[in-house]
Amino acid sequence: MRLEALVRTAVGEVLSSWSVPTSVAIPVERPARPEHGDLSTRVAFALSRLRDAPPPQVAAELAAALASREEFQSVEAAGGFVNCFFRPGAVHAVLRQALADGARYGHGEEGRGRTVQVEFVSSNPTGPLTIGHLRQAALGDVVASLYSELGWRCVREYYLNDEGRQMELLAQSLWARYRQVLGAAEPIPEGGYHGDYLAAIGEELAGAWGDAYPVWDEVARARFRDAAVTRMMEMIHEDLDAIGVRFDVWTKEGELHRRGLVQEALEELKKRNAVYEKDGALWLASTAHGLARDPVLVRSDGTPTYTLVDIAYHLDKVRRGFDLVVDVQGADHVDEQRQVQLALKLLGVREGFLRYCLHQFVTLKGERGIQRMSTRAGRFLRLKDLVAEVGRDVARYFMVMRKPGSHLVFDYDLARNTSMENPVYYVQYAHTRIASVFREAEKVGAVPADLPGVDLSPLDDRRELDMIKELDRFPEVVRSAAHEFAPHHLCEYLEGLSGLFHPYYAHVRVLGQGPATPARLALLAGVKLVLGRGLAILGVSAPEAM
RNA sequence: GCGCCCGUAGCUCAGAGGAUAGAGCGCUGGCCUGCGGAGCCAGAGGUCGCAGGUUCAAAUCCUGCCGGGCGUACCA
């Protein structure tokens, strides 16, 4: 980021001496091939018309004007590209700054004074969390952490659907299990929940309550519903603890009803003429605004739908004063998302207030085979059990190492592999190795007291400079990962940095190398700092020893 | 049928207008007794699903097909 700014500034100064308007963007990129420089710009292509000269000529003129600057070793024109090679001193300055910044390195200011709410998981309390929820849990948690890095205040929120038909079915399913334990041939209701976890709870309740609820009446309904929700929440908390996700706020659907927000949202929509009646139900007029279908807001029996409650909930988020709301949801929610976005727009909520982080589903590969999971059918891998097998670090990392919009195949065998073939260990082990070097250095008193003040000029090896240039990218990686909801960029970055470090470590000795030793220790400290910070954002531990 | 997402190395995936398309795993070959070793180096492997189009420049943008996922509920 710092190096990019150097190029941008240098090019900008030349352009302004050429009286090029400042509106001309200066694209700066990292060439794929080292012979194309540390950084390059293709601004000459855009300038070609303005300067009335072919791109190669403009590039040559620009390169000539830049070559004399002290930060560059050399600047070359190649076709329309201008390739910049930095002097080692300019690169060293990046490391020095990173070490001086310490834990603040990469921390941004854009969110200062602003609050983002990230809503995720929000699974119905109808069963424990599964590997399917894991992707969302990890994704939401990391997106929140990324925004924190950018200086935003973050609220992690879980929306709890503790009302409605599904809860009814859950309660009745539990009651059926309870009856079965007591010897009745009570079937699980149609569309009910078949998981073993309800059988276990049913057995407990039978022991505690005996035959007190022989029929499915109002009393039983209330009793079993309470018991079911309480138990489900316990399980969900266990699962969240297992992967280290904590929520700041839990919002229950019931509260939205009690506070009159649902009714209010409906009234507001009616005022905007966005609601019409048909077949005894109330519908949102979405097709009039280009959507594929109109959703029902109030059923003909007078009960509100999920969509209406969802709209009410988001209206409440507006009132709560968040500057940005991010909802992490699965691909099955796209249609719903459009409806909510439309409703908010009709209600005058500013565009961009609500952004969705959409993710595709997870399939399992490995000894368990690829299988389709279903909580309802009782066919799933519980999150807690998965974490017990592969560990929290691997579970979290694997869930965010792919682009959210891509399907994710969870490679069970790779996840359980504890060698460096597993990317998580590959990154963690880089951190550990450095920690180990410092332990050794400590023993011989080789650790400099003032790392940022160390003379870095011995760092002249290509691999050393490459690592520092990689450190330079960290702030930008964090920024783009946050804005694009793309934590996988951070994973790839960490793997890439580790991939520079490991070979270096294998070939270059640090201790006992005279003046090179403090410089190399400073370099390693920088790498360790960034690896540690990156892993922390991912919620993955950065061990000092493994 | 319609809408959205996805088709890139054998596998899992990056790359979202720029230079010779990348990584990890797997495969092939070669190294490693010092410290701090859950090792290192090299190589093979691709008509970027197919066909058109736009552009000086397309994996990337547009159109149409083919294949997969999700949705298309008075479920949540």
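The values are calculated or read from the model by the stated rules, or taken from the named source; none is laboratory data. Keep in mind it's a predicted model, so treat the numbers as computed, not measured. Quick reminder, even Gly has a Cβ in these numbers, built from the backbone with ideal geometry, and neighbours come from all protein chains shown. Keep in mind that these areas ignore ligands, DNA and RNA; they rest on the heavy atoms of the full protein, side chains included. Shrake-Rupley method; radii C 1.70, N 1.55, O 1.52, S 1.80 Å.
Checked against a 20 Å cut-off, the cross-linked pairs A:LYS469/A:LYS528; A:LYS252/A:LYS278; A:LYS403/A:LYS528 give Cα-Cα distances beyond that limit for A:LYS252/A:LYS278; A:LYS403/A:LYS528. Rolling a 1.4 Å probe over the protein heavy atoms gives chain A an accessible area of 44 Å² per residue. Around the amide H of A:LEU364, modelled in the peptide plane, lie the amide H atoms of A:GLN371, A:PHE410, all under 5 Å away and 5 or more residues distant in sequence or on another chain. Apolar share of the accessible surface for the stretch A:420-538: 50 percent from carbon plus sulfur atoms, 1.4 Å probe. Exposure check, 1.4 Å probe, all protein chains in place: A:GLU464 carries approximately 0 Å² of accessible surface. Selection among A:ALA242, A:GLN73, A:PRO54 by position relative to the dipole of chain A gives A:PRO54 as farthest towards the positive end (Cβ unit charges, Cα centre).
If the reach is capped at under 20 angstrom between alpha carbons, list the lysines near A:LYS384, excluding any in the same chain fewer than eight residues apart. Cross-link targets: A:LYS365.
Full extension of the chain between A:ALA184 and A:ALA212 yields a length gain of 8.7 nm, computed as 0.36 nm times the residue separation minus the alpha carbon distance.
Neighbours of A:ASP141 by Cβ distance under 10 Å: Lys/Arg scored +1, Asp/Glu scored -1, total +3.
Only beta bridges with both residues in chain A are counted; by DSSP, about 45 percent of them are antiparallel. Our coupling estimate for the stretch A:453-461, obtained by passing each phi through the Karplus curve with A = 6.51, B = -1.76, C = 1.60 and θ = phi - 60°, is x, 5, 6, 8, 4, x, 7, 10, 6 Hz, Gly and Pro reported as x.
The heavy atoms of A:LYS384 present about 80 square angstrom of accessible area, all protein chains included, probe 1.4 Å. Considering Cα pairs under 8 angstrom that are at least six residues apart, work out the relative contact order of the stretch A:165-243 and quote it in whole percent. Answer for the stretch A:165-243 is 37 percent. By the rule of a C-alpha distance below 20 Å, with chain neighbours fewer than 8 residues away ignored, the lysines paired with A:LYS345 are A:LYS270, A:LYS271, A:LYS317. Annotation for the stretch A:66-128 versus the stretch A:148-225: alpha-carbon center distance of 49 Å.
Once the convex hull of all Cα atoms in chain A is built, its volume per residue stands at 196 Å³.
A:ALA67 sits among other residues whose Cβ lies under 13 Å from its own Cβ, and their net charge, with Lys and Arg +1 and Asp and Glu -1, is -2. A helix-only calculation puts chain A at -17000 deg cm²/dmol for mean residue ellipticity at 222 nm, using -39500 (n - 2.57) for each DSSP H run of at least four residues, averaged over all residues.
Below 8 Å between Cα atoms, with a sequence gap of 6+, how large is the relative contact order for chain A in percent? Reported relative contact order: 16 percent.
A probe of 1.4 angstrom, applied to the heavy atoms of all protein chains, finds A:ARG30 with accessible area near 110 square angstrom. Nonpolar atom fraction for the stretch A:2-86, defined as the carbon and sulfur part of the 1.4 Å probe accessible area, stands at 52 percent.
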